[in-house]
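Chemist: If you scroll down you'll find the structure; I have some questions about it.
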Amino acid sequence: MIVTLIIACEAGFWVLLAAGLALRYLAGMPRTSVAVLLCEPLLEVVLLVVTAIDLKNGAQPDWKHGLAAVYIGFSAAMGHHLVTRADAWVAYRFAGGPRPAGAPRGGAARTAYEWRTAGRFTAASVIAIALLQAAIWYVGGDGATASLRAWQGRMLVVIGINVVIALSYSVFPKAAGQAKPAGAKGRTSPLDRLLRPASDRGPREHTDGDRTLTRR
């Protein structure tokens, strides 16, 4: 049941996000969209309560309860960032907003970006570790808590990996990419082509094949 609820919470997160953004940018109902988006934290609360009840009813803590704690931690730490990024992309596509900036190519800006990313992963992992520890105390010393402690170890590994990556950019910063000459076009991602507003796409460029067909 716990795994099913985790999947349902993840699906519910994206459904509420899509509904909230649609209400804001397509239906012109910003206040209603805020109310819908504020319902997202309730999903984590429901998962936390159900997990606690499951343990209280005598269920032996296993990997599913640990996964629930990890999911709650990452949702709490990453949820706002995901909502903000999605909102920026939808505003760019439907409301004439600026194109969301991607990761800097190098230099001090990229170093700061990597540390912010490491900070979010660290916050998510710390929340998960705290929830796992609370579950260990809740079960007591007589319970089988090895799986919960194993999840705590995995979260420490996640923290370590992200800190090492951020440190590598601090010690060996990559040089920022050279500015492209005016009129030069970079390769765009499929996501960017999909979300680019029609007003920014411009007329379709004619290829040599098009000119050949025209002459014929």
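The values are calculated or read from the model by the stated rules, or taken from the named source; none is laboratory data. None of the values given here were measured: they were computed from a predicted structure. When the accessible area is computed, the model is the full protein with side chains, heavy atoms only, and any ligands, DNA or RNA have been set aside. Shrake-Rupley method; radii C 1.70, N 1.55, O 1.52, S 1.80 Å.
Chemist: Per residue of region 41-50, what does 6.51 cos²θ - 1.76 cosθ + 1.60 with θ = phi - 60° give for ³J(HN,Hα)? Whole Hz please, x for Gly and Pro, Karplus curve as stated.
Modeler: With coefficients 6.51, -1.76 and 1.60, one gets x, 5, 4, 5, 4, 4, 4, 5, 5, 5 Hz.
Chemist: Go through H65, H80 and list them by solvent-accessible area, largest first, probe radius 1.4 Å.
Modeler: H80, H65
Chemist: With every protein chain kept in place and ligands, DNA and RNA left out, what is the accessible area per residue of region 1-117? Probe 1.4 Å, answer in Å². Walk me through the numbers on the way to the answer.
Modeler: On the way: 6400 Å² over 117 residues.
That works out to 55 Å² per residue.
Chemist: Assign one of three labels to region 90-168, namely rounded, prolate or oblate, based on the Cα gyration tensor with a ≥ b ≥ c the square roots of its eigenvalues; rounded applies when a/c is under 1.5, prolate when it is not and a/b is larger than b/c, and oblate otherwise. Don't jump to the answer; show the numbers that get you there.
Modeler: Details: a/c = 4.92, a/b = 2.04, b/c = 2.41.
Note, shape of region 90-168 comes out oblate.
Chemist: Another one. What part of the accessible area of region 1-122, given as a whole %, is carbon or sulfur when the probe is 1.4 angstrom?
Modeler: Ligands and nucleic acids excluded, carbon and sulfur give 70 percent.
Chemist: Moving on. Taking the full set of protein chains and a 1.4 angstrom probe, give the accessible area of K56 in square angstrom, rounded to the nearest 10.
Modeler: Surface accessible to solvent at K56 totals approximately 150 Å².
Chemist: Contact order normalised by length for region 39-116, with contacts defined as Cα pairs under 8 Å and 6 or more residues apart; what percent is it?
Modeler: About 19 percent, as a whole number.
Chemist: Going from most exposed to least, what order do S75, S125 have by accessible area with a 1.4 Å probe?
Modeler: From most exposed to least exposed: S75, S125.
Chemist: Kirkwood hydrodynamic radius for region 48-119: how many Å is it when counted over pairs of different Cα atoms? Write out the running numbers ahead of the final one.
Modeler: Values: mean 1/r = 0.0647 Å⁻¹.
Result for region 48-119, one decimal place: 15.4 Å.
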